[in-house]
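Asks: Below: one structure in structure tokens.
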Amino acid sequence: MRVHVLGSSGGYPVPGNPCSGFLLEKEAARIWIDAGTGTMAAVQEHVSLERLDGIVVSHAHADHCADLLTLLVALRFQLDGIPRRKPLWAPREVWDVLPRFLDPRGAGILKMEEAFDFHPVEAGSEADIFGVHCRFIRTAHPVETLALRAEAGGAALVYTADTGPAVDLAGFAQGAGLFLCEATYQDALMGAPVHLSARQAGDLARRAGVRRLALTHLWPTLDPEVSLREARAAAGDVPVELARAGTAFEI
């Protein structure tokens, strides 16, 4: 499997780095994981919308799902000859919240089902998505948020989405070839326990025995080199790098 980083900016996009989004490639399959602000443009650098197979979204915060709205417009109005509906795996809250932005007056002009074939997922759900076996567990975040473990051909990707430390993801991430772990905070700049720090991400990676840790969801105003240093100090022998927009990881 290969993972392309579409964006990794926490909270809001910045020049050169959209919000959270990744493209998972497995043989001919192309799966878009999280559609944060700005990622629709980035995903098209790797795959046409026609060839995009499906979308997996972790939760109903804009920096992880807002570009579902732009994708809907493209599928609904602009893509003559391209299949208009794409399969979408997400918590039901995503499906319930986004229509309020599409059609706030309830006129029925735009409907999610015109663009998406919805497959609701929740904690404990499992799904085979274009040859990739996916498992989901609930994280520690204010809205229903699901971490993802995606496995195929003996390779495993684990993506934390957004989470605080109250849920220990070490068991879920055990032995993963790539651990995409959120690292919103730094030691000197900690916030509410709904996100992790870089040091906490490194500690999780060490305890899970993953092969590689990639830090994502860094707050845009923080120095990423500090995040790297703090994560490496806690990660033991696990290699640590940044999930920079435009980079790719082989698993």
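The values are calculated or read from the model by the stated rules, or taken from the named source; none is laboratory data. Owing to the predicted nature of the structure, the values given are computational and were not obtained by experimental measurement. Cβ coordinates were reconstructed from backbone atoms using ideal geometry, including for glycine residues, and neighbour counts include every protein chain displayed.
Asks: Kindly check whether there is at least one residue in region 45-53 that is closer than 26 Å to Ala152 by Cβ, among the aliphatic types (A, V, I, L, M) and surrounded by 24 or more Cβ atoms within 10 Å (Cβ to Cβ).
Replies: no
Asks: Read through the list (1) farther than 25 Å from Ala150 by Cα; (2) free of Cβ contacts under 8 Å to residues at least 40 places away in the same chain; (3) part of a loop (DSSP other than H, G, I, E, B); (4) not basic (Lys, Arg), then give the number of the only condition that Ala74 fails.
Replies: (3)
Asks: Residue by residue through region 107-121, note down the ones that are assigned to a loop (DSSP other than H, G, I, E, B), surrounded by 13 or more Cβ atoms within 10 Å (Cβ to Cβ) and either modelled with pLDDT of 95 or more or of a type in the set (A, V, I, L, M, F, W, C) (or both).
Replies: Of everything in region 107-121, those that are assigned to a loop (DSSP other than H, G, I, E, B), surrounded by 13 or more Cβ atoms within 10 Å (Cβ to Cβ) and either modelled with pLDDT of 95 or more or of a type in the set (A, V, I, L, M, F, W, C) (or both) turn out to be Leu110, Ala115, Val121.
Asks: Still on this structure, I have one more. Considering only region 160-200, state which residues are touching a Ser or Thr at 6+ places or on another chain (Cβ under 8 Å) and acidic (Asp, Glu).
Replies: Within region 160-200, Asp162, Glu182, Asp187 meet the criteria.
Asks: Residues being more than 22 Å from Val121 (Cα to Cα) and touching a residue at least 12 places away in the same chain (Cβ under 8 Å): count how many of those fall in region 20-36.
Replies: 1
Asks: Let me ask something else. Can you pull out every residue in region 168-192 that is among the aliphatic types (A, V, I, L, M), more than 20 Å from Gly153 (Cα to Cα) and touching a residue at least 40 places away in the same chain (Cβ under 8 Å)?
Replies: Ala183
Asks: Evaluate region 205-212: report whether one residue or more is in contact with a Cys (Cβ under 9 Å, 6 or more places away or on another chain) and under 21 Å from Asp63 (Cβ atoms).
Replies: No; the residues of region 205-212 include none that is in contact with a Cys (Cβ under 9 Å, 6 or more places away or on another chain) and under 21 Å from Asp63 (Cβ atoms).
Asks: Something else: Go through the residues of region 173-190 one by one and say whether even a single one is crowded, with 24+ Cβ neighbours inside 10 Å and in contact with a Pro (Cβ under 8 Å, 6 or more places away or on another chain).
Replies: no
Asks: Does region 114-148 hold any residues that are touching a helix residue (DSSP H, G or I) at 6+ places or on another chain (Cβ under 9 Å) and not hydrophobic (A, V, I, L, M, F, W, C), and which are they?
Replies: Glu114, Pro120, Glu122, Glu144, Thr145
Asks: How many residues does region 183-231 hold that are of a type outside the set (Phe, Trp, Tyr), under 20 Å from the mean Cα position of the chain (by Cα) and either at pLDDT below 95 or assigned to a loop (DSSP other than H, G, I, E, B) (or both)?
Replies: Qualifying residue count, region 183-231: 11.
Asks: In region 146-166, which residues are touching a strand residue (DSSP E or B) at 6+ places or on another chain (Cβ under 7 Å) and assigned to a loop (DSSP other than H, G, I, E, B)? Even if it seems obvious, please write down each step before you answer.
Replies: Taking region 146-166 first, the residues touching a strand residue (DSSP E or B) at 6+ places or on another chain (Cβ under 7 Å) are 146-152, 156-163.
Hits for region 146-166 are Thr160, Ala161, Asp162, Thr163.
Asks: Could you check Pro15 against (1) free of Cβ contacts under 8 Å to residues at least 24 places away in the same chain; (2) in contact with a Pro (Cβ under 6 Å, 6 or more places away or on another chain) and say which number it fails?
Replies: (2)
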